[in-house]
Structure formats: C-alpha cells, structure tokens
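The values are calculated or read from the model by the stated rules, or taken from the named source; none is laboratory data. All values derive from a computational prediction rather than experimental measurement. Quick reminder, even Gly has a Cβ in these numbers, built from the backbone with ideal geometry, and neighbours come from all protein chains shown. Heads up: the accessible areas ignore ligands, DNA and RNA and are worked out on the full protein's heavy atoms, side chains in. Shrake-Rupley method; radii C 1.70, N 1.55, O 1.52, S 1.80 Å.
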Amino acid sequence: MIQPRRILTLVMMEMTRQIMDPLVLVFTMFLAPALILIFGLVMSNNYGWDETETYSIFEIMLPGLLAYSGLLTIYDVAAGVAGERESGIQKRINTTPLTTAEYFLSQMISYTIKPIIQLVIGLGIAVAVGYRPLIFFGSAYSLGSKFAGILLVIVFMVIFTFCSVGLGLITANFAKTAGAAGGLAFIFIVPQQIFGSFIPPGFMGMEGLGWALPSWYATRGFGLIFAGTPFTDTEIWLRLGILLAISFAIYIIGILLYERKKRR
Amino acid sequence: MIDSEKNKVSKIEKIVDFNENNAIEVKNLKKHFKGKRGMEDVKAVDGLSFHVEKGEVFSLLGTNGAGKTTTINILTGVLLPTEGIASVGGYNVEKEMKKIKEMISVCPQEPALYKFLTGLGNIKFFGNMYMMPKDKIVERGEELLKLLGLYDARNRFTRGYSGGMKRQLSLIISLINEPDILFLDEPTVGLDPRNRRKVWDFLKSQKDQKHTIILTTHYIEEAEALCDRVAIMDYGEIIAIGSPQELIAEHQVKNLEEVFMKITGRSILEGI
C-alpha cells in the first residue's frame, strides 16, 4: 500500500536538496525567467516573424520559454537521482520498505513545484515587460474563463513536467555519476528546446518534428490558451491528451528501467 | 509438469525445510556477473551455503573481492541470485523482499547520508521510511546519538561531519528501526583505532538487544572480538566456518589470520 508519509518525507528531502544547492537552484529556477526578461526587453517590439505584424517575436517565443522551465527538470532529476546512486543513498533507500510507486510519486510531486513557480514568475515578468495574453487581458473573456485559462495552463505545465521527470529518471538509468547524468540529460533537452520550445519549428521547416516532442505539445497548448482559443476547441484537448499519453508511456519505460537497475 | 513449474515447487519445498530458529539460511547461492567484451563471467559468489541463528552475531570474513558484499546485497534485495536460494527471517529473498525489508536494516560500506540534512534530519528521514512513530524516532535517535557521542552534532549538516562521524551516524541510522536482522557491511573501514574500538563497544552492547547481526569485515580482530561465528570467504566460496575458537583449535594456530593463511597461503590483508 502506498504510504503518503513516505512520499511526503521524500518530497521534503528533495525540496531541501534543491534549495540547499545554490547552483541547481539558480540554474533550474531562474534561467527561464531570466530568458523571458531578456527576450521581453529585446524582442517585444520586433515583429520580424509575423508578416501580419500581429504578434511580436517575444509573444511567439513566450509559450516556448515557459515550457523551457519544465524542460530543465530533466537535468535536475537526472543529476539528482544519479547523484544519489553515486553516493550509495539509492542503494540504501532500496533496502527500506519504500516502494517504487512511492519513489516515483515523490519525484513527480517534488519536481513539479519548481516549474509552476517559474511559470508564475515567468508570466509575471512577461506581463511586466508588456505582454498581454488575450485570455487574461481581453475584455471579451469572463472572470470564469480567465480562471479556467490559468488552471489549464497549470495543468499543461504539470503534465509536461511529469514527462520531463520521467525522462530524467530514464536518463539517470544510463549514467553512473551526477555529472554524466547532467550531460546525458541534454540528449532529451536540446531537441525539445530547438524543435519544440521557444524557436518555433515552422521557421526551420521542421513543423513535422513536433509530434515527437512533448515540449511542442506544451508550447502549442500555452500558445492556444494565451491567444484566447475557446476551450471547446479540440486542438487544446487533443494536445493535452497526447501529452498525457506520452507522459504515461515515458513512466512505463522509466519504471521498467528503474526496477531493472534497482535489483539486478 | 513443465520444468519451470517443477523448479518453482522444488524451491517452495526447500523454503518449507528451513529451520525456524534460523534468521538466515543460504543454500548453494551463486551470483555470476556477465564478463564484458568476451571476458569470462565473474563468479562473485559461487555456491555459498550457511545459516545464521536468531540472535547470533555472524561474520563474513575475507579479502576484498571475496564476495562478502555481493552476499549481503543478495540478502538485502539489492541483487538477485543467479542460482540457489536464500531466506531472511523465513522469507524467500527472490519473492518476499517486501516482508524482509520490514524486518531488516543495512549499514552499507559507504556512509550513504544526505549531506544537506542534519544528523538528526537523516535519522528522521530513515525512521519515516520505516513508518516509525515520530516521537519514537526522535527518542531512539537521540539515545543512539548519545551512545556514540554524536549528540552535540545532531543539528549540524552532515556535509560538515568527519569521515568517522559519518560512519557512526550511518550505523545509528541502521539501528533506528530496531531491526530483527542487521546487516553491517564493513562498518569500521576507514575509522581510526579509537573510533573503531568505540563502534565495537557499541556493537557489543547491541548483542544484548536480540538483534541478529551479519557483519562483513576484513579485520580479523573485529571478527574475533564481536562474532559468535565466522565464515571465511575466498573467491566467492566459504573455505571455513565456525566460532573463532573452534577454527583456531581445528587448525592449531594462534588466530584467525593464521587460519586464513594456513588454508589459502595468503594473508587476509593482502591487497587492502
């Protein structure tokens, strides 16, 4: 039976680890908001990517920049788990009654908190530099719609982060040290960053690549919501559903690999 | 009946045969690791058979690479055996690890602590893994910290602990859940003689607490001082087993080191 107390203990420990390691904290907590600030200041009035001059480069990039904060979770999880294995802690906790399900749940919870904080900070910065997403600022939208929009953005971020946590756990299976895991994590980060986040793949003629990249579903989902797309639009739910399915598949692979590594 | 079913039944029958006075029973245990790049398989453990009685302090003594840690890893669920069967607390290590984990605790070779948690924080973390009552964790944790002289450092982050302090804290953590069966994998490696003596005295005091203790070591004097029985391992096999006194008398030598030398022609400390 799953014991919430064990999960909570692991979550508290993970949060402490993330706070106590300033390098990890800065790299994974403030990188995306910092990029949002820089691009917001530089690209807010540049309409070079949109022939109709409706959206600035920054407005096109923003959904991807927000997804990027969830993407960095791969590095965070991979380095953290591999580091625990390197120090022998993984082996030790595997001799306690902690179950794989409890371990995975704790990882999902503890690593999802940071991207949500980044989402809030990132959106706050974007608004501060002049970004006005229709769903939140458009007069045609009721308070209920605005609230539903916020909720949906968070749901997209949570599910996308689950994907990243799963990919991080998979990465950690192939690395012996935290350093190696951190490096390996970029195998999953870079393609998603280039082809599915703040640089729209359409500009490189690589729109078709998006289907394979979880970040593209999150980025497009954020974009649709910010643009005030009605919630009845199937594309939003289709993207959310696909993201959920990818997440599920990643966890199955992750759990199988973890179990195999846990007891050889 | 197909072969796999036959194997299942025979394994279950063997488990039923186990003596209930034994905390651990191991029969023809093997662990072979696949050789890399066409090299031969490594026979880390090669046909071990022994038992440990309840309340006994039992030592696996041998050189580095003798197979001591691999044996412990199989008994604690970290590794699966290649062949043979083993039971801990009457439960099969291949099939009933969940039940085994409730009654054991392991003090690994590396201290394996969270460096960003305090000493007491680490104790609480592992106490929670065993679902112990929170006040009991603190009470027992502080009691053990006092016994090993770490009480004053309990609120310091373990990254500031010396190597000896980390090892002692690791030992405390392994005792927090009052395990029926305690596995200690080279618990005094790297400790200076004074701290080693302190750990020995502490472990002697635990002998009265009805724990069954399985200890791996390559320190002869440690095995002689602490253990009721010793199994001397070499190249994955047990080459001698019995109480230190029995082994010394049987081989007509002065100590266990000489027993090892007489059997293998080498010193146990070679290569350490």
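Among the residues of the stretch A:102-137, how many are open to solvent by less than 50 Å² (accessible area, probe 1.4 Å) and of a type outside the set (S, T, N, Q)?
21
Under 7 Å by Cβ, and 6 or more places apart or on different chains, what pairs join a residue from the stretch B:141-167 that is under 12 Å from B:Gly121 (Cα atoms) and open to solvent by 60 Å² or more (accessible area, probe 1.4 Å) with one that is small (Gly, Ala, Ser) and modelled with pLDDT of 95 or more?
B:Arg156/B:Gly119
Determine, yes or no, whether B:Leu113 is farther than 26 Å from B:Thr217 by Cβ, within 14 Å of chain A (Cβ to nearest Cβ) and open to solvent by 10 Å² or more (accessible area, probe 1.4 Å).
Answer is no for this residue.
Is it the case that the stretch A:78-94 has a residue that's touching a residue at least 24 places away in the same chain (Cβ under 8 Å), outside any helix (DSSP H, G or I), among the polar types (S, T, N, Q) and closer than 25 Å to A:Ala185 by Cα?
Among the residues of the stretch A:78-94, at least one is touching a residue at least 24 places away in the same chain (Cβ under 8 Å), outside any helix (DSSP H, G or I), among the polar types (S, T, N, Q) and closer than 25 Å to A:Ala185 by Cα, which makes the answer yes.
Quick check on the stretch B:64-75: of everything there that is surrounded by 20 or more Cβ atoms within 10 Å (Cβ to Cβ) and not in a helix (DSSP H, G or I), which residue is farthest from the other protein chains (Cβ to nearest Cβ)?
Checking each candidate, the answer is B:Ala66.
Name every residue in the stretch B:223-240 that is under 16 Å from the mean Cα position of the chain (by Cα) and in a strand (DSSP E or B), in order of residue number.
B:Arg229, B:Val230, B:Ala231, B:Ile232, B:Met233, B:Ile238
Limited to the stretch B:91-129, what total is found for residues that are under 21 Å from B:Asp152 (Cβ atoms), polar (S, T, N, Q) and touching a Leu at 6+ places or on another chain (Cβ under 7 Å)?
Looking only at that region, the number is 1.
Criterion first (open to solvent by less than 40 Å² (accessible area, probe 1.4 Å), without any contact (Cβ under 8 Å) to a residue 24 or more places away in the chain, touching a strand residue (DSSP E or B) at 6+ places or on another chain (Cβ under 9 Å) and of a type outside the set (Val, Ile, Thr)) does B:Met103 satisfy it?
Considered against the rule, which asks whether it is open to solvent by less than 40 Å² (accessible area, probe 1.4 Å), without any contact (Cβ under 8 Å) to a residue 24 or more places away in the chain, touching a strand residue (DSSP E or B) at 6+ places or on another chain (Cβ under 9 Å) and of a type outside the set (Val, Ile, Thr), B:Met103 comes out as no.
I'm checking my understanding of the structure. Among residues of the stretch A:141-177 that are more than 12 Å from the chain's Cα centre (by Cα) and of a type in the set (Ser, Thr, Tyr), which one is surrounded by the most Cβ atoms within 10 Å (Cβ to Cβ)?
A:Thr171
Restricting the stretch A:1-37 to residues that are open to solvent by 80 Å² or more (accessible area, probe 1.4 Å) and assigned to a helix (DSSP H, G or I), which is farthest from the other protein chains (Cβ to nearest Cβ)?
Only one residue fits best here, namely A:Val26.
Considering only residues that are among the polar types (S, T, N, Q) and open to solvent by less than 20 Å² (accessible area, probe 1.4 Å), which ones fall in the stretch B:196-236?
Those that are among the polar types (S, T, N, Q) and open to solvent by less than 20 Å² (accessible area, probe 1.4 Å): B:Gln206, B:Thr212, B:Thr216, B:Thr217.
Between A:Tyr103, A:Tyr68, A:Tyr111, which is within 14 Å of another protein chain (Cβ to nearest Cβ), part of a helix (DSSP H, G or I) and either under 21 Å from the mean Cα position of the chain (by Cα) or closer than 30 Å to B:Ile181 by Cα (or both)?
A:Tyr103
Quick grid of which residues meet (1) part of a helix (DSSP H, G or I); (2) closer than 24 Å to B:Gly77 by Cα:
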{"residue": "B:Lys98", "(1), (2)": "yes, yes"}
{"residue": "B:Lys101", "(1), (2)": "yes, yes"}
{"residue": "B:Ile137", "(1), (2)": "yes, no"}
{"residue": "B:Glu143", "(1), (2)": "yes, no"}
{"residue": "B:Lys146", "(1), (2)": "yes, no"}
{"residue": "B:Gly164", "(1), (2)": "yes, no"}
{"residue": "B:Ile172", "(1), (2)": "yes, yes"}
{"residue": "B:Asn177", "(1), (2)": "no, yes"}
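Restricting attention to the stretch B:46-63, and to residues there that are polar (S, T, N, Q) and part of a strand (DSSP E or B), which single residue is surrounded by the fewest Cβ atoms within 10 Å (Cβ to Cβ)?
The qualifying residue surrounded by the fewest Cβ atoms within 10 Å (Cβ to Cβ) is B:Ser49.
Since B:Gly121 meets every condition but one in (1) open to solvent by 10 Å² or more (accessible area, probe 1.4 Å); (2) among the small types (Gly, Ala, Ser); (3) away from every other protein chain (no Cβ under 14 Å), which condition does it not meet?
Failing condition for B:Gly121: (3).
Out of curiosity, is B:Val78 under 28 Å from B:Gly190 (Cβ atoms) and either away from chain A (no Cβ under 11 Å) or not in a loop (DSSP other than H, G, I, E, B) (or both)?
The answer is no for B:Val78.
Let's see how each residue does on (1) modelled with pLDDT under 90; (2) under 26 Å from B:Phe126 (Cα atoms); (3) of a type outside the set (Lys, Arg):
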site	(1), (2), (3)
A:Ile7	no, yes, yes
A:Pro22	yes, yes, yes
A:Pro33	no, no, yes
A:Phe39	no, no, yes
A:Ile74	no, no, yes
A:Leu98	no, yes, yes
A:Thr112	no, yes, yes
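For the stretch A:38-54, which residues satisfy the criterion of being closer than 15 Å to A:Gly64 by Cβ and surrounded by 15 or more Cβ atoms within 10 Å (Cβ to Cβ)?
A:Phe39, A:Gly40, A:Met43, A:Trp49
Looking at (1) modelled with pLDDT under 90; (2) surrounded by 15 or more Cβ atoms within 10 Å (Cβ to Cβ), which one does A:Ile236 not meet, given that it meets all the others?
For A:Ile236, the failing item is (1).
Which residues, taken from the stretch A:55-72, are hydroxyl-bearing (Ser, Thr, Tyr) and open to solvent by 10 Å² or more (accessible area, probe 1.4 Å)?
Selection gives A:Tyr55, A:Tyr68.
Say whether the condition of being under 15 Å from A:Glu14 (Cβ atoms) and open to solvent by 10 Å² or more (accessible area, probe 1.4 Å) is met by at least one residue in the stretch A:74-82.
The answer is yes, given that some residue of the stretch A:74-82 is under 15 Å from A:Glu14 (Cβ atoms) and open to solvent by 10 Å² or more (accessible area, probe 1.4 Å).
B:Arg266 fails exactly one of the following numbered conditions: (1) in a loop (DSSP other than H, G, I, E, B); (2) touching a Lys or Arg at 6+ places or on another chain (Cβ under 7 Å). What is the number of that condition?
If we test B:Arg266 against (1) in a loop (DSSP other than H, G, I, E, B); (2) touching a Lys or Arg at 6+ places or on another chain (Cβ under 7 Å), just (2) comes out false.
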